[in-house]
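The values are calculated or read from the model by the stated rules, or taken from the named source; none is laboratory data. Everything numeric here is computed off the predicted structure, so don't read it as measured data. FYI the Cβ positions are ideal-geometry reconstructions off the backbone, even for glycines, and counts take in every protein chain you see.
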Amino acid sequence: MAQDTAAWAQARASGGAVNRTALWAVLAGWVALALVAALLLLPGKYTASVDLGFDLATQPPAPAVRGMVQVLSSREMAYAALNRLSPEQVADLGRDTPLPDRLNVGGEGSTQDRAAARLAADLGVAPRQGGRVLRLSFTASSPSLSSAVVRAYLSALGALQDGVPARAEDGQPLPHLTATTSLMAAVGRDLPSRPVLIALGAGIALLSAASFAMLARRPETGAADAPSLPALTDSLPRVAWLDGGDRTALEAGEAGRRLAAHIADAKDRAEKQLVVVTSDSPTRAAGLCAIDLARHLSNENRVALVALDGASGDLAALISDPWAPGMAEMLFGVAGFGETIHRDPHSRAHVIPPGRDSRTGASVIGAERLGLILTALRQTYDFVIVAAPVLDAATGSARLAHLSPYVVCVDPREEEASVEPYAALASQGFGHVLMVRIAQGQPAERSLRLVHSTPSLSAA
């Protein structure tokens, strides 16, 4: 059976790897296809530029900068530049074959008009260095054409400045512009515009998502053959045990120490904040284990020991006053926390004794106020240790199981370990159970020994 299970798991894993490889291959294919489509369908764009500087020793005024931008971007300057281009270059500018050029320039009018409109649309004039420099740029379908247009604009600008000087919006003559850099011709194709890139990305994402959904869909192959599936076996449940090893029980004091170290583990201590100590049959060992556990944990934590088992004389003996109120009074609403929380004289733990009207069994486990009391204690203390009676026979244990406690079930039997107590607790809804084997015949004074002689905390 183990070999069949391993083979089945290996087949599932290899199939998942193939699917993941196919998904990445599909994504790479769509990206490559989109790039090829962009190169073939979108017209090539090449930009040439030159920087023009003002012939001024100081920062040019803003009206002068705006005036020169308007002059360079004007339709008159476009016609002046066209007159310096060859007929073939003018025809290239006016050709309406590329779809974006037809949309921007329009398909009607003479070639000269379309070329002038193209110049005005694709010419760029941008102030730089705070307005001291204007960058003149033009984008065309070939590097030679974009460079020729920039040279034509430089020639037209020189002729304009040699003639009647242009004036700014405030009436002042515009300062001269001279080229501060040589012509920067296009050395490579321009990247597509942002809307085009967004459209390509959206298309790739949509096609990839559709491909992923198709590849991730599991084929319907019908019922699988029995040998290819892992078989279910009627095996016993797996139970967590704490004992001395080699099927030997722990000494009571050692059990408390090892149990405290296990519960205080920082990895999952949040799941063990509420600990219920019980047994599968009435025994003194459960109460002694709860007391020893609370005292060990109280060395470094705030701990409350709650005595639910009113039949335990060891729990009742924790408080010297036999008439002190405790859990019985709290469960039935005749006493509050301030009256029932007492100090353990031998540790830093706080103790809630069974109370004057000591009860046990279903009368305490099924009490409606028990959940509220334990929830309030969990919000105040690091650990809440509950010394409970036998749970599998108590009506209302499911209400306690709803709090998701960590159950420690003491098994004092010397014979071979059994899963029956665990199964009984699981049937009540308890999901976290640890079985602890404690040797019988341990003297009470050893289990109730002082863990540390430290000052006790105030119950306030």
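Let me confirm something: among L370, L377, which residue is more than 36 Å from the chain's Cα centre (by Cα), surrounded by fewer than 24 Cβ atoms within 10 Å (Cβ to Cβ), modelled with pLDDT of 85 or more and not acidic (D, E)?
Details: L377 fails: more than 36 Å from the chain's Cα centre (by Cα).
Step by step, each of L370, L377 is checked, and only L370 is more than 36 Å from the chain's Cα centre (by Cα), surrounded by fewer than 24 Cβ atoms within 10 Å (Cβ to Cβ), modelled with pLDDT of 85 or more and not acidic (D, E).
What number of residues within region 107-155 are in a helix (DSSP H, G or I) and either among the β-branched types (V, I, T) or more than 54 Å from the chain's Cα centre (by Cα) (or both)? Lay out the reasoning, then the answer.
Narrowing region 107-155 to residues in a helix (DSSP H, G or I): 111-122, 129-131, 143-155.
Filter again for either among the β-branched types (V, I, T) or more than 54 Å from the chain's Cα centre (by Cα) (or both), leaving 111-116, 148-155.
Residues flagged as in a helix (DSSP H, G or I) and either among the β-branched types (V, I, T) or more than 54 Å from the chain's Cα centre (by Cα) (or both) within region 107-155 amount to 14.
Can you name every residue in region 311-330 that is more than 48 Å from the chain's Cα centre (by Cα) and among the small types (G, A, S)?
A311, S312, G313, A316, A317, S320, A324, listed by residue number.
Identify, by number, the condition in (1) in a helix (DSSP H, G or I); (2) surrounded by 13 or more Cβ atoms within 10 Å (Cβ to Cβ); (3) modelled with pLDDT of 55 or more that A32 doesn't meet.
The failed condition is (2).
So in region 287-324, with the set limited to residues that are farther than 17 Å from E339 by Cα and at pLDDT below 85, which one is surrounded by the fewest Cβ atoms within 10 Å (Cβ to Cβ)?
First pass over region 287-324, keeping only residues farther than 17 Å from E339 by Cα: 287-303, 309-315, 317.
Okay, now just the ones that are also at pLDDT below 85, so 309-315, 317.
Values: D309: 30, G310: 21, A311: 15, S312: 24, G313: 12, D314: 19, L315: 27, A317: 14.
Among them, the one singled out is G313.
Could you list, in sequence order, the residues of region 325-339 that are under 18 Å from A387 (Cα atoms) and crowded, with 18+ Cβ neighbours inside 10 Å?
From region 325-339, those under 18 Å from A387 (Cα atoms) are 325-331, 337; that's our starting set.
Residues satisfying the conditions are P325, G326, M327, A328, E329, M330, L331.
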